[in-house]
Amino acid sequence: MSLAQQLPRRNVALNRESPPAGPVAFPTRTGVVDPALVAPDVRDLATRVRQLMGLHQAHVLQLPLGGQFFDIVVTASGPQAYAAIKVMDEIQRTGDEQDDACGPVIEDPQRSWLIWFVPPGTSEQWGPHRYSACLGRPHSIALPQMTASEPPGPYWLRPCRGDRLVPATALRQQLDEFRPGPPPHEAVLGSMLSTIS
């Protein structure tokens, strides 16, 4: 027996008039949410959502590293670094994607840096490296506008996509192979990240 056969049926006249609906009243709340009652991760998420909305509206976005979003690896730019990007394009390409399949990379032409976006927590495992510096918490980074795809100023050499970051292990292997240099000094790097855009 089907479900339709089990339900009782009510016969309604097709020309029946329905009474008018009354006014709809939604309760208004005047209370203010105590910030201490908001979970820290939700506060952080709300802040980041507001910042990302600002980035899409062409505002400068300063975003903390680490957490659930990303860490960064900073290398010198130049021919060796561009060769590493081309290999990362091949590694990350799936199906009929465009040529720039590598995860997000910012180029800062003023400082001759590439800033690679890697999974959060990478900075805790990266360790010393001859051709790069990896940073996470407590640093933050100022991102260029999402539409910035060429100089002047920092720009997205590889676009920021929602579905990928640069895989840290493959990146480290390519940096060891291509040896872009000179690497940025970590202490100087940490103090300058918030001013790159």
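The values are calculated or read from the model by the stated rules, or taken from the named source; none is laboratory data. Fair warning: this is a prediction, and the values are worked out from it, not measured in the lab. All Cβ positions, even for glycine, are placed from backbone atoms using ideal geometry, and neighbour counts span all protein chains on display. These area figures cover heavy atoms from the full protein model, side chains too; ligands, DNA and RNA do not enter into them. Shrake-Rupley method; radii C 1.70, N 1.55, O 1.52, S 1.80 Å.
Brief remarks on what is shown
- Subset of segment 87-124 (residues that are among the aliphatic types (A, V, I, L, M) and outside any helix (DSSP H, G or I)): Ala101, Val105, Ile106, Leu114, Ile115, Val118
- Taking segment 109-125 as the range and being under 21 Å from Pro64 (Cβ atoms) and out of contact with any helix residue (DSSP H, G or I) (no Cβ under 7 Å at 6 or more places or on another chain) as the test, the residues that pass are Arg111, Trp113, Ile115, Phe117, Pro120, Gly121, Ser123, Glu124, Gln125.
- Filter pass, Ser112 being open to solvent by 30 Å² or more (accessible area, probe 1.4 Å), in contact with a Ser or Thr (Cβ under 7 Å, 6 or more places away or on another chain), farther than 19 Å from Leu61 by Cβ and without any contact (Cβ under 8 Å) to a residue 60 or more places away in the chain: yes
- Residue in segment 168-191 that is basic (Lys, Arg), part of a helix (DSSP H, G or I) and either surrounded by 17 or more Cβ atoms within 10 Å (Cβ to Cβ) or modelled with pLDDT under 95 (or both) present: yes
- Scanning segment 97-148 for residues that are of a type in the set (Ser, Thr, Tyr) and within 17 Å of the chain's Cα centre (by Cα) yields Thr122, Ser123, Ser140, Thr147.
- Selection count, segment 134-162, where residues are polar (S, T, N, Q) and in a strand (DSSP E or B): 1
- Taking the conditions (1) touching a Pro at 6+ places or on another chain (Cβ under 6 Å); (2) assigned to a strand (DSSP E or B) in turn, Tyr131 satisfies each one other than (2).
Quick grid of which residues meet (1) in contact (Cβ under 8 Å) with a residue 40 or more places away in the chain; (2) more than 16 Å from Thr122 (Cβ to Cβ):
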| residue | (1), (2) |
| --- | --- |
| Thr75 | yes, no |
| Pro79 | no, yes |
| Ala83 | yes, yes |
| Lys86 | no, yes |
| Cys102 | yes, no |
